[in-house]
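Heads up: the structure comes next, in structure tokens.
The values are calculated or read from the model by the stated rules, or taken from the named source; none is laboratory data. Keep in mind the model is a prediction, meaning the values are calculated, not measured. Using ideal geometry, Cβ is built from the backbone for each residue, glycine included, and neighbour counts are taken over all protein chains shown.
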Amino acid sequence: MTSPAPLTHQDHDVIVVGSGAGGGMAAYVLACHGAKVLLLEAGRDYDPVTETPMFQLPREAPLRGAGTQDKPFGFYDATVDGGWTVPGEPYSSAEGTNFMWWRARMLGGRTNHWGRISLRMGPYDFKPRSRDGLGADWPLTYDDLAPYYDRTEMFVGVYGSNEGLENTPNSSPGVLQPPPAPRAYELLTRDACRGMGIPVIPAHLAILTERMDGAALARGLWPNNATARRVTEEAMNERLACFWATPCGRGCSIKANFQTPTVCLPPALATGNLDIVTDAMVREVTVDSADRASGVHYIDRRTREDVWVGGRTVVLAASACESARILLNSVSGPFPDGLGNGSGLVGKYLMDTVGAGVYAQIPALENLPRHAEEGASAMHMYMPWWLYGEQLAGQLNFARGYHVEFGGGQRMPGYGAFGGLEPLTDGAYGQRFKEECRRYYGSFVFFDGRGEMIPNEDSYCELDTDQLDQWGIPTLRFHWKWSEHELNQAVHMQHTFAGIVEEMGGQVLSTVQTDGSRAIAAPGQIIHEVGCARMGDDPSDSVLNQYCQSWEVPNLFVMDGAPFVSNADKNPTLSIMALAWRSSDYLAEQLRTGAL
Amino acid sequence: MSGVTRRRMLKTLAAGAAGAAGAVGSAGCGGDGRPGDSGGAARGSGAGRAAGGPGNPLAAGTPTDPDLINPTVPWDSVLTEDELRRLAALCDVIIPADDRSPAAASIGAQDFINEWVSAPYEGNQNDLTLIRGGLAWLDREATARFGSEFSGLPAAQARAICDDICMESRAAPEFKTAARFFDRVRDLTSTAFWTSAEGMEDLGFVGNRPMASFEGPPREVLDLLGITP
């Protein structure tokens with residue numbers, strides 16, 4: 001290996017590794033604070049403005065847009081060089097484990113295709129052990145993070161409403177964008193759930209339902225920082241509101257939804273404080289003679305050269321497992337088990353979200369007059385967890401909650417349109433089949449539970465010493481075990497949804513399981529993997545402090561999903577961004593005072 | 001190119017000039033020796049971009065990084081002309097013409113199925129075997145029962161065969177395999193038909209066009225469902 005001459009050591013105040021939710025937000029906040037930031041992204045450059053297939057039809061795509069091994073979520077899904085596999089970058093699972101690891105190799109990472117569901121963790125979610133004795137507490141409270149949830153939502157643009165429900169926090173007044181009008185099937189579901197005591201309320205998604213008031217928002221976010229105010233206002237004013245068509249998972253050329261290449265990186269670049277290097281696959285954080293982080297090694301994917309760059313501080317935001325992999329691969333004299341891994345907890349307490357669902361047909365929705373139902377692409381309404389009291393009273397056989405995501409409607413026909421009708425139509429073909437398709441159009445709905453997994457010692461990743469990737473970097477091996485809490489929760493989900501379908505007068509088309517191991521999605525499949533470098537109050541029992549700062553290496557931070565102590569049912573991206581903002585404020589202050 | 005991208009590239013180039021090896025290339029083009037690049041990425045080539053062609057200059061043009069704006073099918077189709085002709089006859093039995101829209105073959109359902117079974121993925125290759133074998137079986141069955149290949153049968157005779165294989169759960173044991181073939185062709189024909197311009201119009205799909213506002217369901221729909229917003 002030959003390292004070229006370093007880019008003047010400590011030329012950059014911060015090296016940020018990864019440009020997704022955590023890294024993109026860190027780069028924006030740090031650059032606004034005046035720090036000189038070098039952002040390294042393993043994937044290629046990517047521009048949603050020019051690359052998004054906004055109105056392309058399924059019939060213009062190979063296989064009518066069907067998912068393949070190369071493009072698992074469909075041809076038009078924004079993901080570049082990724083999915084469950086990345087070419088030349090394998091991973092493995094221990095015997096009996098089937099972990100699925102979704103990655104992307106592109107600027108913005110997984111923020112380009114994500115579901116945009118943006119739910120705040122609530123007060124209970126930060127202190128789960130104090131509440132029910134399981135898992136571990138976070139070293140911070142909801143009140144500590146609440147101001148950063150407000151800031152993140154103001155900056156990102158999140159639609160939703162304040163319902164004041166238990167452990168489902170309100171945003172501050174004026175923070176949320178107005179929620180879109182509910183669709184027909186969402187209203188029908190709401191009415192069916194009313195008698196069951198299940199709340200159906202406006203969802204929170206990172207999609208603009210109206211133009212941003214850039215001047216007012218920027219003033220609120222950065223009252224004492226003229227540069228930050230200017231770049232933020234300009235970037236916000238370039239974003240348009242949703243025009244109620246085209247799937248968000250393709251990306252958004254009008255910048256109506258959140259992805260870091262359209263929302264975080266343009267204002268960060270406009271400060272003049274940010275450099276971005278793409279195709280830079282980081283493999284190791286180096287340390288100096290004082291045991292501080294000195295920089296990183298990366299492989300230039302185009303030349304396959306090994307490059308070293310130095311910086312005053314390093315922020316890993318490569319995704320929970322990839323950041324753990326970098327730490328475990330950063331072995332040196334004082335850190336024989338990986339950088340900042342004195343606790344032995346790097347890679348440990350890996351979590352995903354519990355997923356289980358049902359698919360159903362609702363006769364009331366047959367033959368409805370045709371009308372626009374694409375809306376904001378994803379859900380306009382959802383069900384937050386509603387059984388906190390029953391759970392605490394020990395009336396359920398699982399300890400933590402789930403929320404419900406659901407969908408349906410008169411959507412654009414794509415691959416699979418009216419597939420699987422054989423059992424519903426008694427094997428119709430010919431003229432009768434054609435008429436059955438017209439009748440059934442828009443009458444299918446699905447319900448997906450998204451539940452909290454309690455961290456356990458049997459779910460973790462470690463280095464696979466037998467396997468290098470194509471860059472010569474040791475890869476990860478995954479271990480996994482569900483507890484009864486997750487398995488019972490998955491069964492509860494399916495049975496609850498079957499009850500909702502029954503209430504709606506419909507029939508469930510999928511199998512409702514009584515065996516949790518059959519109901520639950522594969523580990524990793526919900527793509528909410530968090531943990532692997534958890535934060536805490538005690539260096540012997542955590543990797544990071546509450547500012548995502550390494551206990552052992554104070555100029556090393558981890559700002560993706562890795563610091564998560566628990567994995568509430570709330571989708572993690574909003575919390576990753578709020579934590580990254582809070583930690584970046586702290587880091588910038590440390591730089592300013594010279595502490596780092 | 002957007003202003004943002006240009007600024008990003010300028011910043012990146014500046015970093016390169018300062019000595020960050022590897023930075024210079026990040027302003028470079030897709031398909032430029034990117035890992036997994038098969039070399040067939042003409043759309044991503046520098047020449048294409050300089051010429052202002054329609055290709056996406058950033059996409060590598062590989063199966064995992066295709067040009068999403070200008071999709072192409074990168075594999076050759078494998079079914080023979082004769083197989084396509086026989087398949088078209090079955091597609092038309094599955095979705096015939098009526099007063100609202102044409103039959104499946106006239107919108108090219110058999111060509112989509114050809115694209116499908118020719119794809120290099122495992123599931124598609126399994127379908128190739130299923131559908132080729134099924135087509136051969138269909139003509140043997142038609143000949144044995146009625147003395148003609150399937151495409152030449154009068155409607156009543158074609159239906160007689162299809163009725164035996166249109167539903168696997170109640171098909172006789174000797175027809176189970178053929179029923180799986182029939183169901184797969186029915187599903188693929190359905191995809192082909194309902195995603196076509198004619199099929200989408202028949203279905204009455206409303207969407208894929210910008211709207212100034214989203215108002216939710218019209219009054220008529222709410223009344224039919226008996227709900228108040």
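Of all the residues in region A:76-93, those that are at the interface with chain B (Cβ under 7 Å from one of its Cβ atoms) and not in a loop (DSSP other than H, G, I, E, B) number 0. Restricting A:E422, A:E374 to residues that are touching a residue at least 24 places away in the same chain (Cβ under 8 Å), facing chain B (nearest Cβ under 8 Å) and among the charged types (D, E, K, R) narrows the list to A:E374. Can you tell me which residue is nearest to A:R370 (Cα to Cα) among those in region B:200-216 that are facing chain A (nearest Cβ under 7 Å) and either in a helix (DSSP H, G or I) or among the hydroxyl-bearing types (S, T, Y) (or both)? Here the answer is B:L203. Residue-level analysis places A:P572 outside the set of residues that are under 22 Å from A:G347 (Cα atoms) and in contact with a Cys (Cβ under 6 Å, 6 or more places away or on another chain). Among the residues of region A:204-235, those that are within 14 Å of chain B (Cβ to nearest Cβ), aliphatic (A, V, I, L, M) and in contact (Cβ under 8 Å) with a residue 60 or more places away in the chain comprise A:L205, A:I207, A:V231. Taken over region B:199-229, residues that are crowded, with 16+ Cβ neighbours inside 10 Å and at positive phi amount to 3. Scanning region A:549-588 for residues that are farther than 21 Å from A:P123 by Cβ, in a strand (DSSP E or B) and in contact (Cβ under 8 Å) with a residue 40 or more places away in the chain returns A:S550, A:L556, A:F557, A:V558.
For the residues A:T465, A:T475, the requirement of being on the phi < 0 side of the Ramachandran plot and modelled with pLDDT under 95 singles out A:T465. Listed by position, the helices (runs of 4 or more DSSP H) inside region A:188-290 whose residues that are of a type in the set (D, E, K, R) number at least 2 are A:226-237.
Here is a check on your reading of the model: is A:G135 more than 10 Å from chain B (Cβ to nearest Cβ), part of a loop (DSSP other than H, G, I, E, B) and closer than 27 Å to A:E462 by Cβ? Yes; evaluated as a whole, the condition is true for this residue. Can you find a residue in region A:94-108 that is buried (at least 20 other Cβ atoms within 10 Å of the Cβ), facing chain B (nearest Cβ under 8 Å), at pLDDT 95 or above and at positive phi? No, region A:94-108 contains no residue that is buried (at least 20 other Cβ atoms within 10 Å of the Cβ), facing chain B (nearest Cβ under 8 Å), at pLDDT 95 or above and at positive phi.
Restricting B:N70, B:N114 to residues that are within 16 Å of the chain's Cα centre (by Cα), free of Cβ contacts under 8 Å to residues at least 60 places away in the same chain and within 15 Å of B:I131 (Cβ to Cβ) narrows the list to B:N114. Got a sec? Which of B:D187, B:D127 is within 9 Å of chain A (Cβ to nearest Cβ), acidic (D, E) and in a helix (DSSP H, G or I)? Answer to the selection: B:D187. Residues of region A:40-75 that are outside any loop (DSSP other than H, G, I, E, B) and either at the interface with chain B (Cβ under 7 Å from one of its Cβ atoms) or hydroxyl-bearing (S, T, Y) (or both): A:R44, A:V49, A:T50, A:E51, A:P58, A:R59, A:E60, A:P62, A:L63, A:R64. The residues of region A:425-465 that are crowded, with 18+ Cβ neighbours inside 10 Å and among the hydrophobic types (A, V, I, L, M, F, W, C), listed by number, are A:A428, A:F433, A:C437, A:F444, A:V445, A:F447, A:M453, A:I454, A:C461, A:L463. Based on this model, can you work out whether B:S196 counts as among the hydroxyl-bearing types (S, T, Y), away from every other protein chain (no Cβ under 12 Å), surrounded by 14 or more Cβ atoms within 10 Å (Cβ to Cβ) and out of contact with any Phe, Trp or Tyr (no Cβ under 6 Å at 6 or more places or on another chain)? The answer is no for B:S196.
Which condition number does B:L10 fail, the rest of (1) more than 8 Å from chain A (Cβ to nearest Cβ); (2) at pLDDT 50 or above being met? Looking at each condition in turn, B:L10 falls short on (2). Checking the structure you have, find out if any residue of region A:535-548 is in contact with an Asp or Glu (Cβ under 6 Å, 6 or more places away or on another chain), buried (at least 24 other Cβ atoms within 10 Å of the Cβ), over 30 Å from A:P363 (Cα atoms) and touching a residue at least 24 places away in the same chain (Cβ under 8 Å). Taking every residue of region A:535-548 in turn, none turns out to be in contact with an Asp or Glu (Cβ under 6 Å, 6 or more places away or on another chain), buried (at least 24 other Cβ atoms within 10 Å of the Cβ), over 30 Å from A:P363 (Cα atoms) and touching a residue at least 24 places away in the same chain (Cβ under 8 Å). Just to be sure before I move on: is B:L138 without any contact (Cβ under 8 Å) to a residue 60 or more places away in the chain, within 25 Å of the chain's Cα centre (by Cα) and under 30 Å from A:D70 (Cα atoms) in the structure I sent? No.
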